[in-house]
Structure formats: C-alpha cells, structure tokens
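Asks: Structure provided below as structure tokens; questions to follow.
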Amino acid sequence: MFQLVWIIAAAHFLLAEGATPEVTRLRSVLLVSMQESFAESAWPEVEEAVRAEFDALSVPVDLIQGRKIDPVERRDELADLARQRQAACAIRIIRTAQTQGGLVEIWIADRSSGQTDFWQLHLEKSSDPQETAAVAALRTVEAHRFGTLGLGLARPVLVEAPPPPVTPPTPPLPSPSRVWGLQLGTGLLASPGLDGSLLGFHMGVRWEALSHITFELDSALTMRGKDIEDAQNAATFHLAAARAWVLWEIRPQGLLRPAIGVGGGVVVPWTRGIRSPDLQNQSDRNLLAYLGANAQLGFVFSRYLGLRLVAKTGILLPEAEIWFGDHKVARVGRPLFEGFAHLEVRLP
C-alpha cells in the first residue's frame, strides 16, 4: 500500500516537473524596447514598471532590444520575435510627442492567434513623471489581461456573458517626424593653388524630409582674408559661397548619424589691393559655379541639440585665378577643400 502511494507521488512530481517549462513558456511575455532603434520614442521607465507588474502576477518577462526602424517593419518584427522566442506575446510601448496629456501607443503581438493588436492610451497631464509612467504601465498590463490574446490569464467572472470582443482596426502607422536643423559653426577652406588655408564662418539650414533623405542649404564666408603678394604688389583674397545639398542619411537614428551627399551652388571670390599704386584699394569680384560632394558625421545628444562634423570637396567652374598685371600669382578651386564643425539646433 505504501509502495503504491510513493509511486503515485513520484509520478505526480515528474509530470509537474515536465510541465513547468512548457507552462512557463506559454505564459511568458516578451517586452521589446526601442531604446537602441528609436530612442526618441522609447520609454524605459514604463518598461521597467510593466516588468514589475507582470512579476507581481507571476508572469515571466524578457526584455530585449528591437532593431527595426521603419514603422511597418517594427510591427512585423514584433510578431517574429514572439515566434522566435516562443513567448505567448510580444509587447512594444511607444511614447509619442504628445505623451504628456496625449497618447501612448501599445502594440501587442499574440503568437497563438497570429494577430497584432493596437491600443491607444489617453494620459492626463501630471507633474510627476513616475506617476505618469506607473499609470501607463498599469494600463499596458490591463490591455494584456483583458485583450483578446488567449494567454490563459484569469479574467473577471461576470454574471452575464460579455459580448464578443471586437478587435479595433489597425490604424496606419504614423510617419516619422520631420526635423529641421539650424547650423552655426566655423572651419577651414583650402585649395592647392593657394598657399595656406582660410578661416571661415559657416551657417546652414537642413530638413530631414524622409527617413533617409535630407535637404540642406548652407553658406560660407571667410572671416579673415589671405594675403597674396610678390615683390611689388600685395592683395587680400576672400571667398563666399551659397549652396544646396541632397544628403543620404546612412543611419538616420541613434547617437551617431553619418551621411553623404552631393550639391551645387555659387562661389564669389574677390581680392582687394593693399599695396602698390596699381592695386591700392581696388577690388575685383567674380561669380563662379560650384559642384561638390559632402560627407558628414552627426552627434545627436538630445531631441533639440546636436553637433555635426562636415568635410566637403568641390570644384569651381571656371577656376578662380589671381593676377598681378600679366603675372598669375595664385589659383583657387581645383579642388576646393572645406572642413567645418557645426552646433546644430534641432526643431521637430
């Protein structure tokens, strides 16, 4: 008799041990963060609060980083990660620009049904960020518990059967915000036909029109002229430029944002005589065409502030030449090199 009891107890223990990993896997939740792929819309405080809420419900939670940037790809990635990690569902929380007193988006991909549900939470304004994060986390868990996900979690017992749940249609994914940037900086200009370099002042405006396409207008002006002289004559050389660029953003999100592009515009070189009877106080200006290439490395420190290192090379059509009488003493523009550092103010 006692042997039979021990056999039944041992069998029950083995079955329970074998079922535990499967039950845990079916009830697990995958929390997909956006801190690395799209930091501006990530909300780490809510993610940690959601993890704590699920821990209180004895629901295992894994937190991983999403990699997709495109909104449609992010939605597909959510379902793929839930399937790859064999989680019951995958959850992504998106903080919109109007979170304070606005909307929070919650995307839940259910592996059992193969559906991805979209929720919008309306938050009231609060002076306490932790309180706002706690409310968003609680609403996320409620959406998980009472949504049509089939996770096996307890639902409230109702006297009357509730009507069949209706899954709201998935709205179109929002387009990424268009950002304007105002640039101000300084750097150097140089050309092989000109001895030494010129210190220049630079300012520009950029518009991040599409996910990987940026349009930019810039201008440059030498802050101090370059003296050119021979035995009898001397003049000061200056240069101003105005150009338009089209840039390809290699990595449009994150701290480091490299870009390359091409552009064109006009350059105005001029000289002013400073010595000799023939050149004294005389000025000579020209309007020349410019074609060039542009390479940049941006550092985006916050939503509103960044730093940009820029290297440009181009040619002048025709090349600028400086003559003293019938003697050519310098030439500029084949090619023209520029290196600038900009402080950038970003305006979403």
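Asks: Consider G339 against the criteria (1) at pLDDT 90 or above; (2) under 20 Å from I213 (Cα atoms): it satisfies all of them except one. Which criterion is unmet?
Replies: (2)
Asks: Follow-up. Only residues that are surrounded by fewer than 18 Cβ atoms within 10 Å (Cβ to Cβ), assigned to a strand (DSSP E or B) and modelled with pLDDT under 90: list them for the range 293-328, please.
Replies: E321, W323, H327, K328
Asks: Can you pull out every residue in the range 212-252 that is polar (S, T, N, Q) and modelled with pLDDT of 85 or more?
Replies: Across the range 212-252, the qualifying residues are T214, S219, T222, T236.
Asks: Let me ask something else. So which helices (runs of 4 or more DSSP H) are wholly in the range 1-87 and hold at least 3 residues that are modelled with pLDDT under 80 and farther than 26 Å from H212 by Cα? Show your work before the answer.
Replies: Working: elements: 2-27, 44-56, 71-84.
Output list reads 2-27.
Asks: Restricting to the range 34-46, name every residue that is surrounded by 19 or more Cβ atoms within 10 Å (Cβ to Cβ) and free of Cβ contacts under 8 Å to residues at least 60 places away in the same chain.
Replies: Here is the first cut: in the range 34-46, the ones surrounded by 19 or more Cβ atoms within 10 Å (Cβ to Cβ) are 34, 37-38, 41-43, 46.
Residues satisfying the conditions are S41, A42.
The values are calculated or read from the model by the stated rules, or taken from the named source; none is laboratory data. Note that the structure is predicted; figures quoted are calculated from it, not measured. Positions of Cβ are backbone-derived with ideal geometry, glycine not excepted, and every protein chain shown enters the neighbour counts.
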